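Down below is the structure, laid out as structure tokens.
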Amino acid sequence: MKKIYRPDEIEPKWQKKWETDKIYQVKDTTDKKKFYCLDMFPYPSGAGLHVGHVEGYTATDVYSRYMRASGYNVLHPMGWDAFGLPAENYAIKEKIHPKETTQKAIEKFKSQIKRTGLSYDWSREIDTSSPEYYKWTQWLFLLLFKNGLAYRKKAPVNWCPSCRTVLANEQVIKSEDKNVCERCGTEVVKKELEQWFFKITEYADRLLQDLSKIDWPQSTKQGQRNWIGRSDGAIISFKIDGSSEFVEVFTTRADTLFGATYLVLSPEHPAVLKVTKKEYAKEVEKYKEGAAKKSEIQRSAVEKEKSGVFTGSYAINPANDEKIPVWIADYVLMGYGTGAIMAVPAHDERDYLFAVKYKLPIKKVIKKEGNDSEVVYCDEEGVLENSGKYNGLNSELAREKIVRDLEKEGNARSEVTYKLRDWLISRQRYWGAPIPIIYCPHCAHFEDEGGCCGGECGCDHGGSCEGCYDTTEIDGVRYAIVPVPVEDLPVKLPVDVDFKPTGESPLMRSKDFQANVKCPKCGAIKGVKREVDTMDTFVDSSWYFFRFCDPHNDKEFASKEKMQKFLPVDMYMGGAEHTVLHLLYSRFLTKVLFDLGFTHFDEPFMKLRHQGLVLAGDSQKMSKRWGNIINPDDVISAFGADTMRTYEMFIGPIEATKAWSTQGVEGVRRFYNRVWSLSLDAIERGLKVSEKNVLKMVHKLIKKVGSDIEELKFNTAVSAMMEFSNFWKENKDLVGLDSLKLFVEVMAPFAPHIAEEIWEMAGEKYSVTTASWPEYDDGLIAEDEVTVVVSVNGKVRDRVKFTLGEIKDKELVKSRVLSSEKMREIISARNVKDFIYVEGKIVNIVLE
RNA sequence: GCCGGGAUGGCGGAAUGGCAGACGCGAUGGGCUUAGAACCCAUUGGGGUUUCAAAAACCCCGUGGGAGUUCAAAUCUCCCUCCCGGCACCA
């Protein structure tokens, strides 16, 4: 009786052995070439792993196993993005501490990952919610703070009323024309609050430029470009008539300056008060109030109805001294450019609509060819008209010239603006890393006195520092912002906290956290407070890939030596939803660390790929609501981990959206059943050396699977293995143990368990997972006979066989092809106009 | 509106200038079986010609639609349609 393929028996058996033998532990003391293969680490939720995770993780696992077998020292770690709102929200609902639920979720994820047979080095596991980790998150914060890249600022920020916390711009998403919280879908509101920011805008240009250095999907790069939103233009000053005030506008179309027929200020613009004439004050004030009440959403309503009011003032166009009215309107946003624009209704759609509504003049300054009677506005570039001495120039030239001319009078300068805003990292929530800052009311006096403490505070400004401490006002009291000394880190997150969100940070209510806080500078205790906000969890996840190199270091976030050994990440796999969140923040922090001399690289992820969505069998998104979730545990129980892994690789290209098919899974299982029985058969036969044709096929397979894995074309790699098994089935008695061994080595990255079992049954030495990738023999692969396809006028008509020597000889090929009976018949009396021969491939005979 | 990615049998997909539909699923017919499952074998893009019929051979059409480049186009270029994703009053 032959042994039956039982994945439920062999898989746990080998998993246990591999774990005991620590077979996947990566050494940092080896001269092998490094390869860092990383998955986006998961947020451990109670729901456990889903098949989407499995897809990405299997892809990197196959890749890692292949690279390991190819002689690389592969760092392939896993960890947990464990801080965050869902755990906290769940904790509030179920009254269980987030630490507990998170630990449970981690255990579940880990066991599921282990059941899948993924080859992670668990000795490097990290957990962002552990003090050993967040100590370094806090250290990073202090590093940014000390270098002027973390600062406190009062600003209108996004507030999620349901999560009761502020959010970064990147965490606010559009949904049905509403701005909603990325986490919970609640509509966000604007609040004026003082918060902590990271100065990511300082890196805007480099974040844009360096995209050219990295191998990322086009769409992701483009997404970052859009988000950074660089726009090259000019700032032009308009004098207010009868006043000493100037208003600066930002424009990318300085060439249309002569067409500016009015000026618009954003309602929040500080100059509004100064330019508004008495008679108009009431109207303006009313409009401002109305605009302030309107949410962002209403202001950017779909119909885009324009509204505004006249201020009573006029501005003088610096190009031609024309007087143009100054309006305020909410279609001009304070947050972009200078918060003021010159309106050119002839060449901008929004200005056009506004001008029509309020009967403002429209002046054409770009010539339009052809019929322009129908065209109401045209934003294309062209040749200037009605523009004085600039007439006849094209837009590009005119723009340069106009700005240069105005610059001489001090009325213009070239300017680059960005859509990117600084990263708001404060969160009024419990389950995150505390911001390591202390507020001291005693140290605040230095700034009051207007001079420097003279070094007393430890500052190096040497006599004239402008407030060696920045200060902030909390509840009417002025505090100095004092960083926690690095040696006092971590600022531990207290466990015993009422973490119910009230809009006030839960840490405020922790007695432990606030008890006996000593100012690190002056030593005072009375009135000294800790910062009670925690950091955005995206701060945790923006540097975790550093920590994997050196996860247990308690002196540094990672040692230079270890970083040299593994970083940067060579291959990074994860979902596309992180285009402007995690992936942008990580690049930013890497550049900061590079600039400050901590790292040797300034881009963290050299190659990035996104695994596509796995949809349910009904082509819907998997969701609890539809009850169509495929659980990896069930798939493993029914078919085995090897089948699940291979199926997910086979289903389609890694980046494509694909639908799950249980019948498809069964097909892969059939494949392994067949491989199993064919292997037993080959072992029983015990043929030592395979027939030549078999060897040719197996060597072809090695080549194909290897190159497919390198190109991440896992689906065609699997189909190549299937093709081989079909060939094998038809040539059972010709397949020897030598071929079996090679086939198992090729299969191992996809299906390590069955590979290990067959490997053992075939009498090979443990373990196939440490065997090296077989080399293929080009000589064996080479065909000794080549079939050349013969087409006539592009249509296939015949096939002729040639030997390897013959195919090089065009004349011989030609005469042989033309003399075949079939060709003579087809050609008959017609003339051969041309004879094209692609060596060893195809012939095309062109007939008249 | 702007940007990015797509459209190939009944389905997932393969082929990146040179034999369209690899591989898998499904379907149909057959074998095995008391029966079913499993398994095994065969067929499987559409249309046509030859034939009593079948096998087989051959021919034509065919990669969202239209044009173009080329000896040769699913693949390159232009135009159009539709689908997916991102951004969007960004001056």
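Below, the figures for the structure above:
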| quantity | calculated |
| --- | --- |
| Helix A:7-20 axis, angle to chain A major axis (alpha carbon atoms, nearest 10°) | 70 degrees |
| Low-density loop cleavage sites - trypsin sites (Lys or Arg not before Pro) in the stretch A:548-639, where at most 10 other Cβ are within 10 Å (DSSP) | A:LYS555, A:LYS624, A:ARG625 |
| Of the GluC sites (Glu not before Pro) in the stretch A:226-282, those whose Cβ has at most 16 other Cβ within 10 Å and which sit in DSSP loop | A:GLU245 |
| In degrees, nearest ten, helix A:131-146 long axis to first principal axis of chain A (Cα) | 50 degrees |
| Potential lengthening between A:CYS184 and A:LYS213 on full extension [0.36 nm per residue; Cα-Cα distance subtracted] | 6.9 nm |
| DSSP-loop trypsin sites (Lys or Arg not before Pro) across the stretch A:741-826, with at most 11 other Cβ within 10 angstrom | A:LYS765 |
| Members of A:LYS146/A:LYS526; A:LYS114/A:LYS492; A:LYS199/A:LYS555; A:LYS22/A:LYS741; A:LYS146/A:LYS221; A:LYS110/A:LYS621 lying beyond 29 Å, as alpha-carbon distances in this model show | A:LYS114/A:LYS492; A:LYS146/A:LYS221 |
| Whole-Hz ³J(HN,Hα) from phi, Karplus 6.51 cos²θ - 1.76 cosθ + 1.60, for the stretch A:772-782, glycine and proline x | 8, 5, x, 8, 8, 9, 4, x, 5, 6, 4 |
| Under-5 Å amide H pairs with A:GLY617, H placed in peptide plane, nonlocal only | A:TRP660 |
| Nearest-20 debye value, chain A charge dipole, Cβ charges on Lys, Arg, Asp, Glu | 1140 debye |
| Extension gain, A:THR662 back to A:GLU381 (0.36 nm per residue minus Cα-Cα distance, nm) | 95.6 nm |
| Acute angle (nearest 10 degrees) that the helix A:85-94 long axis makes with the longest principal axis of chain A, alpha-carbon atoms | 90 degrees |
| Apportionment of accessible area to carbon and sulfur, the stretch A:718-775, percent (1.4 Å) | 45 percent |
| Computed FRET value (nearest 0.05) for A:ARG230 with A:GLU409, which takes r as the C-beta separation and R₀ as 30 Å | 0.65 |
| Where N is the number of residues in the stretch A:306-429, Cα Rg divided by 2.2 N^0.38 Å | 1.26 |
| Proximal charge balance of A:LYS16 [Cβ under 15 Å; K/R count +1, D/E count -1] | -2 |
| Karplus 3J(HN,Hα) series, Hz, for the stretch A:613-628 with 6.51 cos²θ - 1.76 cosθ + 1.60 (x for Gly, Pro) | 5, 9, 8, 6, x, 8, 6, 8, 5, 5, 7, 4, 4, 8, x, 10 |
| Length added when fully stretched, A:GLU848-A:LYS607, from 0.36 nm per residue minus Cα-Cα | 81.6 nm |
| Distance in nm between pseudo-label sites at A:SER123 and A:ILE96 (7 Å out along the Cβ direction from Cα) | 3.3 nm |
| Two-site FRET efficiency, A:GLU132 against A:GLU192, from Cβ-Cβ distance with R₀ of 41 Å, rounded to 0.05 | 0.65 |
| Chain A - mean residue ellipticity at 222 nm from DSSP helices (-39,500 (n - 2.57) per run, n ≥ 4, rounded to 500) | -10500 deg cm²/dmol |
| Amide proton proximity set for A:ALA343, modelled H, under 5 Å, gap of 5+ | A:THR261, A:TYR262, A:LEU263, A:VAL264 |
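The values are calculated or read from the model by the stated rules, or taken from the named source; none is laboratory data. All of these numbers come straight from a predicted model, not from anything done at the bench. Positions of Cβ are backbone-derived with ideal geometry, glycine not excepted, and every protein chain shown enters the neighbour counts. With ligands, DNA and RNA removed, areas are computed over all heavy atoms of the protein, side chains included. Shrake-Rupley method; radii C 1.70, N 1.55, O 1.52, S 1.80 Å.
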